[in-house]
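All remarks here apply to the structure that follows.
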Amino acid sequence: AKRVVIKVGTSTLVYPDGAINLRAIDQLAFVISAMRHHGREVVLVSSGAIGVGLNYIGLKQRPKAIPEQQAIAAIGQSELISIYKERFAVYEQKIGQLLLTRDIFVYPKSHQNVMNTFEALLAQNIVPIVNENDTVAVDELDHETKFGDNDQLSAVVATNIDADLLIMLSDIDGFYDGNPNGDTGATLLSHVAKVNQATYTLAGGTGSRFGTGGMVTKLKAAERMIKADSQMVLANGADPTIIFQILAGEPVGTLFG
Ligand code: ADP
């Protein structure tokens, strides 16, 4: 794969107790810098703004009011990007930040502008780091402006920039034939060629405390990748160097497509 999109969930970036997982962020920076060094073009889609924001201002829990959540996302996004900037700098890799909303892909002019930005960044050996623009896209029901989750945003970005592969890192080893949190007999599926109704019925409700997507949004992302003749690998982000194994074609996680 020459062009790769990597999506990391909050569960990879923030510990369950709310502390920031600097080791994981450092490993991500290391792996992505090494990938660039070997001629690959990489885009990182990163969640975690609210988790990092809560940590930054010393709150334990997400406030209920949407404006307060947006404020924390704004605080956390700048902190998150400065952590990335610092960690990538260790590996002499520069980054750029793109905050996107769904409507960007609806309006041809904005769409073109965003694509131009991606291409220009990649051509200059910069790693674009993408997140949803929580200041603009308000709540989960606002379908016109909001993706709702970075799982789908990452697949939209990946298909639009013609990526060969979407690597989705989560808090689980891959896609199981039942929710492994509860169903102890669930087994990992190493290859899923097609995502259909039967696949969706295997995905339980929402997952981790801080994450928003759950498995359904990951399946939607996989479906979008397969439709575009691309692939997606879902794997455990606890150790982001797993990306090296994925790129080497080793059987880790679940390959979709
Ligand atoms: P992230 O924060 O990384 O985006 P989520 O917590 O949103 O991750 O989604 C991952 C969770 O989805 C898993 O931890 C698991 O509890 C849940 N899940 C539900 N059904 C399945 C399944 N069939 N296979 C794997 N995980 C599943």
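Please enumerate the residues belonging to segment 176-202 that are small (G, A, S), loosely packed, with under 14 Cβ neighbours inside 10 Å and part of a loop (DSSP other than H, G, I, E, B).
Initially, segment 176-202 is screened for residues small (G, A, S), giving 178, 182, 185-186, 190, 193, 198.
Keeping just the survivors that are loosely packed, with under 14 Cβ neighbours inside 10 Å gives 182, 185, 190, 193, 198.
Answer for segment 176-202, where residues must be small (G, A, S), loosely packed, with under 14 Cβ neighbours inside 10 Å and part of a loop (DSSP other than H, G, I, E, B): G182, G185, S190, A193.
Looking only at segment 79-115, which residues are touching a residue at least 40 places away in the same chain (Cβ under 8 Å), of a type in the set (D, E, K, R) and within 19 Å of V136 (Cβ to Cβ)?
Matches in segment 79-115: R102, D103.
Mind telling me which of the residues A120, A71, A49, A89 ends up being out of contact with any Lys or Arg (no Cβ under 8 Å at 6 or more places or on another chain) and farther than 30 Å from D17 by Cβ?
On the way: A71 fails: farther than 30 Å from D17 by Cβ; A49 fails: farther than 30 Å from D17 by Cβ; A89 fails: farther than 30 Å from D17 by Cβ.
Being out of contact with any Lys or Arg (no Cβ under 8 Å at 6 or more places or on another chain) and farther than 30 Å from D17 by Cβ holds for just one of A120, A71, A49, A89, which is A120.
Filter segment 5-30 for residues that are within 11 Å of the ligand (Cβ to nearest atom) and among the small types (G, A, S) and give the result.
If the condition is that a residue be within 11 Å of the ligand (Cβ to nearest atom) and among the small types (G, A, S), then G9, S11 are the ones that fit.
Can you tell me which of D173, D151 is part of a helix (DSSP H, G or I), in contact (Cβ under 8 Å) with a residue 60 or more places away in the chain and within 16 Å of the ligand (Cβ to nearest atom)?
Step by step, each of D173, D151 is checked, and only D151 is part of a helix (DSSP H, G or I), in contact (Cβ under 8 Å) with a residue 60 or more places away in the chain and within 16 Å of the ligand (Cβ to nearest atom).
When residues of segment 129-143 are filtered for being at pLDDT below 95 and open to solvent by less than 30 Å² (accessible area, probe 1.4 Å), how many remain?
Quick first cut of segment 129-143, residues at pLDDT below 95 only: 132-143.
Still in the running and open to solvent by less than 30 Å² (accessible area, probe 1.4 Å): 132, 137.
Number of matching residues: 2.
If I go through segment 34-66 residue by residue, how many of them are open to solvent by less than 10 Å² (accessible area, probe 1.4 Å) and closer than 24 Å to A158 by Cα?
Going through segment 34-66 one residue at a time, the tally reaches 8.
Determine whether segment 228-241 contains at least one residue that is in a helix (DSSP H, G or I), surrounded by 22 or more Cβ atoms within 10 Å (Cβ to Cβ), more than 10 Å from the ligand (Cβ to nearest atom) and of a type in the set (V, I, T). Before you say what the answer is, go through the steps one by one.
Start the filter on segment 228-241 by keeping residues that are in a helix (DSSP H, G or I), which leaves none.
No, that holds for no residue.
Can you tell me which condition Q69 does not meet? The list is (1) loosely packed, with under 14 Cβ neighbours inside 10 Å; (2) among the polar types (S, T, N, Q); (3) over 25 Å from I126 (Cα atoms), and all the others hold.
Condition (1) is where Q69 drops out.
If a residue must be open to solvent by 60 Å² or more (accessible area, probe 1.4 Å) and in a loop (DSSP other than H, G, I, E, B), how many such residues does segment 72-104 contain?
Total meeting the criteria: 3.
Quick check on my filter: what residues within segment 105-128 are among the polar types (S, T, N, Q), part of a helix (DSSP H, G or I) and open to solvent by less than 90 Å² (accessible area, probe 1.4 Å)?
Selection gives S110, N113, N116, T117.
Which one is modelled with the highest pLDDT, of the residues in segment 206-227 that are near the ligand (Cβ under 7 Å from one of its atoms) and assigned to a loop (DSSP other than H, G, I, E, B)?
G213
The values are calculated or read from the model by the stated rules, or taken from the named source; none is laboratory data. Just so we're clear, the structure is a prediction, and the values are computed from it rather than from any experiment. Neighbour counts are summed over all protein chains in view; Cβ atoms, including those assigned to glycine, are modelled from backbone coordinates with ideal geometry. We work out accessible area using only protein heavy atoms, side chains counted, and drop any ligands, DNA or RNA first. Shrake-Rupley method; radii C 1.70, N 1.55, O 1.52, S 1.80 Å.
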